[in-house]
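Accompanying notes for the structure given below.
The values are calculated or read from the model by the stated rules, or taken from the named source; none is laboratory data. All of these numbers come straight from a predicted model, not from anything done at the bench. With ideal geometry, Cβ positions are generated from the backbone for all residues, glycine too; neighbour counts draw on all protein chains shown. All accessible areas refer to the heavy atoms of the entire protein, side chains included, with ligands and DNA or RNA removed. Shrake-Rupley method; radii C 1.70, N 1.55, O 1.52, S 1.80 Å.
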Amino acid sequence: MTALYLRARVMTCNGPAPDPLGLVDDGAVLTDGAQVVWVGAAADADAACRALDVVPAERVDLGGRLVTPGLVDCHTHAIFAGDRAAEFAMRARGEGYLEIARAGGGIAATLGPTRGASDATLERLTVDRLMAARATGTTTIEVKSGYDLTVAGELRLLRVIARAGAHAPLAVVPTLLCHVVPPERRADRDDYLHELVTALVPAVAADRLATSVDVYCDDGAFTRDETARILVAARDHGLAVRAHVGQFTDQGAAELAAGLGARSVDHLEQVSAAGIAALAAAGTVAVMLPGACVQLRLPPPPVAALRAAGVPLAVATDLNPGSSYTTSLPLQMWLATTHLAMTVEEAWLGVTRIAARALGLADRGVLAPGARADLVVWNAEHPAAVPYQYGASLVERVITAA
Ligand code: NIG
Ligand code: FE
């Protein structure tokens, strides 16, 4: 159904420098329900409709409110069962994430509940999280597997992610995550790696269960060489490459991932100047995860150096039961603009156009003809209002492409 949204403060997130947010003060957006057809000044809307031979079925007066592209959350671990509230309390008392993980907590503590949950339960838990994300403005969400870690179990998680996506009114992008070596495979680590590259990655590619493969490269997770093996297998099977890089220690994985043409590297609290230069040269997106950074009391990633080098910056929730249990991108925008010293413009582009780029999607994250008709109407006029009023929900309405 065609709809014309009028009296809107339109933020296209598609403007050229020096106004990348592309604000149109008294603007209008015309959609056919599936795609954006036209964006411009409200005064030109009727002429545009005539020229396009469109009689809008609906004319919606937005009363001067801000309207933006639907938000894109490009990094979540939204499929898991159980919770780790007790670990949160331990960390609040001063215990470290890595110490808790070494004592049997951390990612390993989510494996049992997730493996033990039925498909139906996992689907319901995931859909609930997707709906919570949508309520805060997210219209495209990436969901990683990674809390089963057996070959059959990871394939099951990816199938359930697809089913959850089919049952929720937002777009879901599945990613295979090679998270850590599970405890029961630490004694035969090499065999486990062999299974990942000869069975899991090929099966994911053959059944099109994910569009990209992500590897967590860090102390306690995969080494740089192991990460290289997995990512090369992914690339050889036609899957895009991503990596969790430098959350605790710099393993040289930014250089590695950039060299493999990675779409994104995520976290980056620890990254060298050479790593930053490699990301810039490759055009790899750096995904900032400020919620996990603050919660684990890590030093902020080097935003100024990344910006100076021209590395595109995205911002995501990292939704997971350990380090960042949230579905809210507006909250991450507040953390990005305060704790990480990103600008308001960078925060907006980071949850829209650049986040879409991290997922390899050119048809969203902007309001422009041909983009998906994913829009958020905010109870705000100024773009800064959304991160500024942190913790409040300023979402008036979320519209997702039919
Ligand atoms: O992105 N860094 C690795 N994985 C998650 C944490 C997962 C967990 O603690 O369960 C992250 O922060
Ligand atoms: Fe993560």
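A compact table of results
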item: Quarter of Cα convex hull surface for the stretch 200-313, i.e. mean projection, nm²; result: 6.7
item: Antiparallel bridge percentage (DSSP; both residues within the stretch 71-358; nearest 5); result: 5
item: Cα-based convex hull volume of the stretch 114-214 per residue, rounded to whole Å³; result: 91
item: Charge-dipole axis of the chain as Lys and Arg at +1 and Asp and Glu at -1 on Cβ define it, positive-most pick from 377, 31, 114; result: 114
item: Using distinct alpha-carbon pairs, which all enter the 1/r mean, Kirkwood radius of the stretch 36-116 in Å; result: 18.1
item: Shape category assigned to the stretch 132-279 from the gyration tensor of Cα positions, a/c cut at 1.5; result: oblate
item: Virtual spin-label span in nm between residue 341 and residue 272, 7 Å along Cα→Cβ; result: 2.4
item: Charge-dipole axis of the chain as Lys and Arg at +1 and Asp and Glu at -1 on Cβ define it, positive-most pick from 48, 66, 349; result: 66
item: Separation in nanometres of the label points that stand 7 Å from Cα toward Cβ, at residue 93 and residue 44; result: 6.3
item: Value of D in µm² per second that Stokes-Einstein yields for the chain, Kirkwood Rh from Cα pairs, at 4 °C (1.567 mPa s); result: 61
item: Rg/Rh (Cα only; Kirkwood hydrodynamic radius) as it applies to the stretch 1-146; result: 1.19
item: Solvent exposure of the chain as accessible area per residue, Å², 1.4 Å probe; result: 37
item: Amide H contacts under 5 Å for residue 287, placed H, 5+ residues apart; result: 265, 266, 267, 314
item: Check: the chain dipole with +1 on Lys, Arg Cβ and -1 on Asp, Glu Cβ, in debye; result: 300
item: Heavy-atom accessible surface of the chain: percent carbon and sulfur, 1.4 Å; result: 55
item: Computed label-point distance, nm, for sites residue 185 and residue 396 using a 7 Å Cα→Cβ extension; result: 5.0
item: Under DSSP loop assignment and at most 16 Cβ neighbours within 10 Å, longest trypsin sites (Lys or Arg not before Pro)-free interval of the chain; result: 94-207
item: Dmax and Rg, reported as Rg then Dmax, of the stretch 283-392 (C-alpha, Å); result: 13.8, 42
item: For the chain, built as a Gaussian network whose Cα springs stay under 10 Å, the top-fluctuating residue of 111, 62, 52; result: 52
